[in-house]
Amino acid sequence: IFQSEAEKAQALADAAQKAFDRFDTNNDGEISLAELKEGLEKSLKIELSEKRAKELMETFDASGDGALQIDEMVTIDRFRNKLESLVREEKRLALEAKQQAEEEEKQAAIAAAKLEILNEKEPTISDRFVSILPYLFPLMDGLAYGRFLLNSEDAAANPAVVFLAVLYALYRAVPFSGFIAFFALNFLAGTPSINRLIRYNMQQAIFVDIALFFPGLAGGLLGALNLNFPTAIQELSTDAIFVTLLAVLGYCTVSSLFGVTPDKLPLISQSVNDRMPTIDMFDDSGNFIPRQFRQEEGEEDKDKKDDKYLQSL
């Protein structure tokens, strides 16, 4: 057995020496890249690219000097096997690259389809003007806090105040106008085909209107406790609330007209952002899946994986 193994090793060494002598055409004791390329093309009767020859050289050139010495030389069969391995690897990588490109193209098409469902495009000029209309809702409900400022003699002569008075009268002339406005904005804010800026402002207008409820609630509680403050303090606090409301609505209006989402309101804007649907809330078929349901699905998948892992132990 030992003799046959030794003979086998000697035969491989002789074959490597024979190939080395044949490849080393200039007899300088080493095989250059050009000699390796030419020798393999003659031996394997193929056309070998420069790139492939370099890969073979790098595989067997243990010293890294860019040439093969006799102790680094291998048989033609080993060159052939390595060459076939490189070709298979190249084909595998090419197939993976093709599959990845197809997957990326598929995902891009899905993302484009989702964008058609969820209107996240830049707002047009008309979108910008429409987006400020929802803020009329909290403005109408907040006019009660401006009663001291708006009832003054100077304010009565102001055309803007007169316009607000007419608008407020029309608003109050509709039965349950506040509830109608609330539910209408809430419904439309959930329509994904409407531009995001409009939907965002609808949601934010609702939250601003809800925020107006708390000062009134605080005033009611103080009244129930018979805590009566001087008239001057009451007027000042009421005026402050109204001025704050005007500042908030002014910021939202100007920002929206410039096409910028007014998302800098403390607490309120973050709550609105949490409620806004995003692309990841739609599945590949375009069905809307709320964030909480996606989280539940993710937890269920995790539990299933944990169960499979425990069963495998």
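Miscellaneous remarks
- Given (1) modelled with pLDDT of 65 or more; (2) exposed (fewer than 12 other Cβ atoms within 10 Å of the Cβ), index of the condition Thr253 fails: (2)
- Residue list for region 208-230, restricted to those being farther than 23 Å from Leu139 by Cα and at pLDDT below 75: Leu222, Gly223, Ala224, Leu225, Asn226, Leu227, Asn228, Phe229
- Filtered residue count, region 163-187, keeping only those that are in a helix (DSSP H, G or I) and either loosely packed, with under 12 Cβ neighbours inside 10 Å or hydrophobic (A, V, I, L, M, F, W, C) (or both): 16
- Residue in region 150-162 that is exposed (fewer than 15 other Cβ atoms within 10 Å of the Cβ), among the polar types (S, T, N, Q) and in contact with an Asp or Glu (Cβ under 9 Å, 6 or more places away or on another chain) present: no
- Looking across region 117-139, the residues that are surrounded by 12 or more Cβ atoms within 10 Å (Cβ to Cβ) and of a type in the set (D, E, K, R) come down to Glu120, Lys121, Asp127, Arg128.
- Candidate set from region 188-224 (those that are more than 26 Å from the chain's Cα centre (by Cα) and β-branched (Val, Ile, Thr)); member that is surrounded by the fewest Cβ atoms within 10 Å (Cβ to Cβ): Ile210
Okay, residues lined up against (1) within 19 Å of Phe242 (Cβ to Cβ); (2) of a type outside the set (A, V, I, L, M, F, W, C); (3) at pLDDT 90 or above:
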site: Phe137; (1), (2), (3): yes, no, yes
site: Asp141; (1), (2), (3): yes, yes, yes
site: Gly146; (1), (2), (3): yes, yes, no
site: Ala160; (1), (2), (3): yes, no, no
site: Leu164; (1), (2), (3): yes, no, no
site: Ala173; (1), (2), (3): no, no, yes
site: Phe182; (1), (2), (3): no, no, yes
site: Leu185; (1), (2), (3): no, no, yes
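- Of all residues making up region 114-136, the number that are under 16 Å from Ser256 (Cα atoms) and in a helix (DSSP H, G or I): 11
The values are calculated or read from the model by the stated rules, or taken from the named source; none is laboratory data. Owing to the predicted nature of the structure, the values given are computational and were not obtained by experimental measurement. Methodologically, a virtual Cβ is constructed for each residue, glycine included, from the backbone with ideal geometry; neighbour enumeration extends over all protein chains shown.
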